[in-house]
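This report concerns only the one structure given below.
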Amino acid sequence: MSNESIRVKLVSEAAEYVSITPIIHRDYTLHELIGAMLPVVGRDAERIRQILRVGGLSNGEYRFRWEGREEDAAQIENVLAGYPRAEPQRPFDAGKCVAIRFSRGVEVLSLPRETAERKGLFAAKSFWDELLRFAGSGLRYADYSYADQADVYVLELDVSSHEAFRALLPLMKPKSAGERLERLRPEKIELLTRR
């Protein structure tokens, strides 16, 4: 694999009324540039090859621009081999879990583990501990998220499990986070674990 650098122009995609944003020029290796593409296009080698040829990518935060280049499909596959891939057989490891995401439709509320583990002043249990107990064997492996750099495990909430979930909300600290979850009425809970 070539260690040749690729000169990339980064422009912020910040949506503001008036914004003066500096244009940043940075040298990327092919490995780093493909790493920036993965959250947007996944492990699709042919799509990555097309984007490299075009010389542009927008990931929501930044617009990346570079001089288009032709890359060998085998070289792209070689770079992709260095990145994690989905492992559906991978068992859930609570010790490696870093965040929880609650979603309903397009609405999402994310909580880092540290927030979910907070306990009340004299509380014996945390929302985190009880949520893991509640999820139990209902968790299933969903995918590997390149944006989060984590394996994603999912628990779908139906009408009956939603009531049991609501019973956990008083354990959430701060109380306002529990109230936000109550209003969201999540349909799905995702637990993110790092390797």
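Under the criterion of Cα pairs below 8 Å and six or more residues apart, the relative contact order for the chain equals 20 percent. The residues neighbouring residue 90, those whose beta-carbon lies less than 13 Å from its own, together hold a net charge of +1 under the Lys/Arg +1, Asp/Glu -1 convention.
For the chain, the convex hull spanned by the alpha carbon atoms encloses 166 Å³ per residue.
Per residue, the chain exposes an accessible area of 59 Å² to a 1.4 Å probe, with every protein chain left in place.
Lysine pairs in the chain whose alpha-carbon atoms fall under 28 angstrom of each other, counting only those eight or more residues apart or on distinct chains, come to 13.
Note on the stretch 93-161: Kirkwood radius taken over Cα pairs, Stokes-Einstein applied at 37 °C and 0.692 mPa s, translational D equal to 245 µm² s⁻¹. Positive contributions from Lys and Arg (+1) and negative ones from Asp and Glu (-1), summed over other residues with Cβ under 14 Å from the Cβ of residue 180, come out at +4.
Split the accessible area of the stretch 78-195 by element, probe 1.4 Å, and carbon with sulfur accounts for 50%. Compared with the direct C-alpha span, the chain from residue 107 to residue 46 gains 18.8 nm at full extension, assuming 0.36 nm per residue.
The values are calculated or read from the model by the stated rules, or taken from the named source; none is laboratory data. Nothing here was measured: the structure is a model prediction, and the numbers come from that model. Reconstructed Cβ throughout: ideal geometry from the backbone, glycine too, with neighbour counts over all protein chains shown. Note: areas computed on protein heavy atoms with side chains; ligands, DNA, RNA excluded. Shrake-Rupley method; radii C 1.70, N 1.55, O 1.52, S 1.80 Å.
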